[in-house]
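Chemist: Provided herewith is a single structure, encoded as structure tokens, for subsequent inquiry.
The values are calculated or read from the model by the stated rules, or taken from the named source; none is laboratory data. Just so you know, these numbers come straight off a predicted model, no measurement behind them. Note that each Cβ is placed from the backbone with ideal geometry, even for glycine, and that neighbours are counted across all protein chains shown. Heavy atoms of the whole protein, side chains included, go into the accessibility calculation; ligands, DNA and RNA do not. Shrake-Rupley method; radii C 1.70, N 1.55, O 1.52, S 1.80 Å.
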Amino acid sequence: RRPSFLFPALAPTLLPSPLNSASRSAHSTTLSPQPPPSSSSGRRPRPNVVDVLEERGLLESVTSENLRSACSSGSGLRVYCGFDPTAESLHLGNLLGIIVLSWFRRCGHRTVALLGGATARVGDPSGKSLERPELDLETLERNTAGIAATVTRILGKGGDGDDDDDDGDGSFVILNNYDWWKDVKLLDFLKRVGRYARVGTMVAKESVKKRLESEQGMSYTEFTYQLLQGYDFLHLFQNEGVNVQIGGSDQWGNITAGTELIRKILQLEGAYGLTFPLLLKSDGTKFGKSEDGAIWLSPSMLSPYKFYQYFFSVPDTDIIRFLKVLTFLEIEEINEIEKDMKRPGYVPNTAQRRLAEEVTRFVHGEDGLQEALKATEALRPGAETKLDWKTIEGIAEDVPSCSLNYDDVLNCSLVDLSVLAGLMESKSAARRLLKQGGMYLNNGRVDGESKRIEAEDIVDGKVLLLSAGKKNKVVVRIS
């Protein structure tokens, strides 16, 4: 069953009674520009989040320029981003939504991560050339729990990036739209919501137009998705005080469907939409779950080491853009990094290392970063970092490996073991390498060919790491 503690239940109602005058006033868009909220501790006022996003290349479109002045109001806003649980983990393409939510939070606003326990059963057609495969209930609930854990791990920190959210200010919550959709009846939905939806407007949405023009077409189920997401915004606006929805640029049609429903059904202003550019690969394609090599945010699907290595390998042409959109470094510092890259004597990959450290720390925490750094160090022969079983296993997918019996390994000569494990082609080649000082056992150089494997050489009694030079390695698992 779905773990209820992750998804606070809301009153099962389709359209609550109209807001009273006090609530109506609170949601009104007639917000006069005011100084940004400042903390009681005397720190400098928080910046306007729209200005921040614009400066960093994280602003594509807004439904109204009034959002900028609303973000400077003393009361602050409540903003949400939706994540459909179509896989067990979020991926790098979803990270921008989490980062933009975090920017809102850092600028003094409250944030909501909305899990699409209901909408994932329909499937968002935005950016897709084919209809999503239907998920069975068990898979859907497993995916929902997995994504909830990922979002909680990343955003369940203080608004200023602290490791713990000890202030208890409720500035971040997770909701699940299945909580209010599970009791909605079709006839009620058509009467209360469907009558306000104009088919011409729905067909004109970019995501719909592309699918209708394709050979596969679009099912009625997918066609209704924008109404479901639109009603989510209406429900959150009226019941949870949420007045901003954010999403990637491909979500513009779904977001404006929500602002229109709020305006027509509730006859209220003050609901805003904001989109950010999609995070694209160097070839212009979108990062997604269905493509090969997806960069998952869950450590169970992609180790912090591999996550770190991905960003360490970002080409120089993309590095400054990624530093701006994927990290919280000050723009001035990023500009200095850009200048350093053009100066004589710049050490290659210095900027990549900074990017990898910042993004890995945000997604996997300080412990995850240290795990990634230890595993990276394990790939460097001669490194002084003490290896453990977990660290060696962290790199096992990236280097050849084999399994040998404990009795066959203990007291075996390193020369024989290097051939037995497939590191060296012959014993004579192993001896030559040993004489040249190029053979390593657990990253420690071995100088003599008389070396035999002792019990203390077997890391945690489970594994060995053999290296021939700096690049050729073999992980030996002991059974």
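Chemist: Hey, can you tell me all the residues within the range 257-275 that are in a helix (DSSP H, G or I) and free of Cβ contacts under 8 Å to residues at least 24 places away in the same chain?
Modeler: 263
Chemist: Is at least one residue of the range 319-327 touching a Leu at 6+ places or on another chain (Cβ under 7 Å) and of a type in the set (Lys, Arg)?
Modeler: no
Chemist: Another question, then. Determine whether the range 451-462 contains at least one residue that is under 30 Å from residue 154 (Cα atoms), open to solvent by 40 Å² or more (accessible area, probe 1.4 Å) and part of a loop (DSSP other than H, G, I, E, B).
Modeler: No, there is no match, as no residue in the range 451-462 is under 30 Å from residue 154 (Cα atoms), open to solvent by 40 Å² or more (accessible area, probe 1.4 Å) and part of a loop (DSSP other than H, G, I, E, B).
Chemist: Show me the helices (runs of 4 or more DSSP H) entirely contained within the range 179-256 in which 1 or more residues are crowded, with 21+ Cβ neighbours inside 10 Å.
Modeler: Result: 206-213, 225-240.
Chemist: For residue 267, indicate whether it is under 24 Å from the mean Cα position of the chain (by Cα) and either open to solvent by 20 Å² or more (accessible area, probe 1.4 Å) or of a type in the set (S, T, N, Q) (or both).
Modeler: Answer is no for this residue.
Chemist: Count, please, the residues in the range 398-443 that happen to be closer than 16 Å to residue 380 by Cα and open to solvent by 30 Å² or more (accessible area, probe 1.4 Å).
Modeler: Residues that pass the stated criteria total 3.
Chemist: For residues that are among the charged types (D, E, K, R) and surrounded by fewer than 18 Cβ atoms within 10 Å (Cβ to Cβ), scanning just the range 463-479, find the one that is modelled with the lowest pLDDT.
Modeler: Top of the filtered list is 470.
Chemist: Hey, another quick one. Tell me, please, whether a residue that is modelled with pLDDT of 90 or more, on the phi > 0 side of the Ramachandran plot and over 15 Å from the mean Cα position of the chain (by Cα) can be found in the range 102-111.
Modeler: yes
Chemist: Continuing with this model, one more query. Within the range 46-53, is even one residue modelled with pLDDT under 90, charged (D, E, K, R) and either open to solvent by less than 40 Å² (accessible area, probe 1.4 Å) or under 24 Å from residue 325 (Cβ atoms) (or both)?
Modeler: Checking the range 46-53: at least one residue is modelled with pLDDT under 90, charged (D, E, K, R) and either open to solvent by less than 40 Å² (accessible area, probe 1.4 Å) or under 24 Å from residue 325 (Cβ atoms) (or both).
Chemist: Going through the range 121-149 one residue at a time, which ones are open to solvent by 10 Å² or more (accessible area, probe 1.4 Å) and either modelled with pLDDT of 85 or more or of a type in the set (Gly, Ala, Ser) (or both)?
Modeler: Across the range 121-149, the qualifying residues are 127, 129, 137, 138, 139, 141, 142, 145, 146, 149.
Chemist: Next question. I'd like the residue in the range 203-230 that is in contact (Cβ under 8 Å) with a residue 40 or more places away in the chain and hydroxyl-bearing (Ser, Thr, Tyr) and, out of all such residues, is nearest to residue 178 (Cα to Cα).
Modeler: 225
Chemist: Let me ask you something else. Which numbered condition trips up residue 377, out of (1) assigned to a helix (DSSP H, G or I); (2) crowded, with 19+ Cβ neighbours inside 10 Å; (3) of a type outside the set (Ser, Thr, Tyr)?
Modeler: If we test residue 377 against (1) assigned to a helix (DSSP H, G or I); (2) crowded, with 19+ Cβ neighbours inside 10 Å; (3) of a type outside the set (Ser, Thr, Tyr), just (2) comes out false.
Chemist: Being in contact (Cβ under 8 Å) with a residue 40 or more places away in the chain, of a type in the set (Lys, Arg) and more than 30 Å from residue 447 (Cα to Cα) narrows it down to one of 343, 353, 361, 380, so name that one.
Modeler: Within the list 343, 353, 361, 380, the selection yields 353.
Chemist: Still on this structure, please answer the following. I'm told residue 311 meets every condition in (1) under 19 Å from residue 56 (Cα atoms); (2) open to solvent by 20 Å² or more (accessible area, probe 1.4 Å) except one. Can you identify the failing condition by its number?
Modeler: Going through (1) under 19 Å from residue 56 (Cα atoms); (2) open to solvent by 20 Å² or more (accessible area, probe 1.4 Å) one by one, residue 311 breaks only (2).
Chemist: Any idea how many residues of the range 73-101 are modelled with pLDDT under 95, open to solvent by 10 Å² or more (accessible area, probe 1.4 Å) and either farther than 22 Å from residue 359 by Cα or small (Gly, Ala, Ser) (or both)?
Modeler: Qualifying residue count, the range 73-101: 7.
Chemist: Follow-up question, since we're still on this one. Identify, by number, the condition in (1) closer than 20 Å to residue 103 by Cβ; (2) surrounded by fewer than 20 Cβ atoms within 10 Å (Cβ to Cβ); (3) in contact with a Gly (Cβ under 9 Å, 6 or more places away or on another chain) that residue 329 doesn't meet.
Modeler: Unmet condition: (3).
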